[in-house]
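Bear in mind that the values in this text are calculations on the coordinates, not laboratory data. As the structure is a computational prediction, the values presented were derived from the model and not from experiment. Neighbour counts run over all protein chains shown; Cβ positions are idealised from the backbone, glycine included.
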Amino acid sequence: MSRFALNRCYSRYLSRLKPLTTPPFFSSSAASNRDGEYQTGPPPIRVGLTESAGRAVFATRRIGAGDLIHTAKPVVAYPSLLKLDSVCYLCLKKLMGSAKFEDRGVSYCSQECQEKSKGFLDVETRADWSSFVDYCRTHNFKYPLMVKRLCCMIISGVLPADCLDILQPAALSSEMISKIEDGYGLLWNAFRKANFKDDDVSFLTKQWYTAILARIRINAFRIDLVGGSCGEDLLSLAAASVEGEGAVGHAVYMLPSFYNHDCDPNAHIIWLQNADARLNTLRDVEEGEELRICYIDASMGYEARQTILSQGFGFLCNCLRCQSAD
């Protein structure tokens, strides 16, 4: 398998205009070396601006190949409809046999995840979502389900309604906007029929729903669990991710969304047991060097990569590999 195939990962294009802020729900841990020894202090990175790509992540010191840069917890995550009965409803960890905790028709991997979900689940279980879920299943939509969970988290007080405003939105076609409006109507009706107070859902306007979906569409990561332990070789785990069908759901993060794209990246994002993301280096990175990940399958040819990046992310890649049309 080629090195580019091993480098497969998912990230999203970043905002060029808004000033950098750190939301109160942002969560990230410090880095570790290849032996798994955690370093004290913040991760060895900073977020800055570039002339060509807006926000970017830079190393503040030399980082060795294979080192953990930092970890990140999702702001919002949601399991695939096909995996609802086999992964944790919160962290997306695969459920093993009888080792699960059930609560009002959904399952969790631990009592901790069950307790953390209580707020949004109390909101969610007040409404009938059958029509909304059927709409998502019929159209093979995954991101409206993430908006539904986000709404429930906002109503329960876990997150503010503007929690994703810092992220870059996708450009939406008129056809997509029309389908989005259909979903908005079903979502709104579910809350209305459940007799939620006007104050509880005042944020849920058509404009808010469209804007949130546009941001999730371009910033959501597909979660491919590769299993294993933290001590295993990361490139072997990446190969398992490429070769297997490990997708269990989707999630949106803050700091990982600030990484720019490169078809020959020096960093990689990976998920071991759940939706907690791990950012690792793929080769030595020097102080001041920009850290980049690959948004798509890097094993694809030049034309295919350019087409997907243009249509899906709104830019043409000009990395060194693309400059050589490799």
Trypsin sites (Lys or Arg not before Pro) restricted to DSSP loop in the stretch 156-219 with at most 11 other C-beta within 10 Å
Lys197
Which three extents, in whole angstrom, do the alpha-carbon atoms of the stretch 55-103 cover along their principal axes, largest first?
45, 24, 18
What FRET efficiency would be calculated for the residue pair Leu49, Leu81, taking the C-beta separation as r and a Förster radius of 45 Å, to the nearest 0.05?
0.70
Can you return the lysines within cross-link range of Lys93? Criterion is Cα-Cα under 30 Å, with same-chain partners fewer than 8 residues away left out.
Lys73, Lys83, Lys116, Lys118, Lys142, Lys148
Per the 1/(1 + (r/R0)^6) rule, R0 = 51 Å and r from the Cβ atoms of Tyr302 and Thr125, FRET efficiency to 0.05 is 0.55
Length added when fully stretched, Arg283-Leu320, from 0.36 nm per residue minus Cα-Cα:
11.7 nm
Assuming a ≥ b ≥ c are the square roots of the Cα gyration tensor eigenvalues, decide whether the stretch 87-160 counts as rounded (a/c under 1.5), prolate (otherwise, with a/b larger than b/c) or oblate.
oblate
Kirkwood Rh in Å, taken over the stretch 250-319 so that all alpha-carbon pairs contribute
13.3
Set the Förster radius R0 to 51 Å, insert the Cβ-Cβ distance between Gln111 and Ser310 as r into 1/(1 + (r/R0)^6), and round the FRET efficiency to 0.05.
0.65
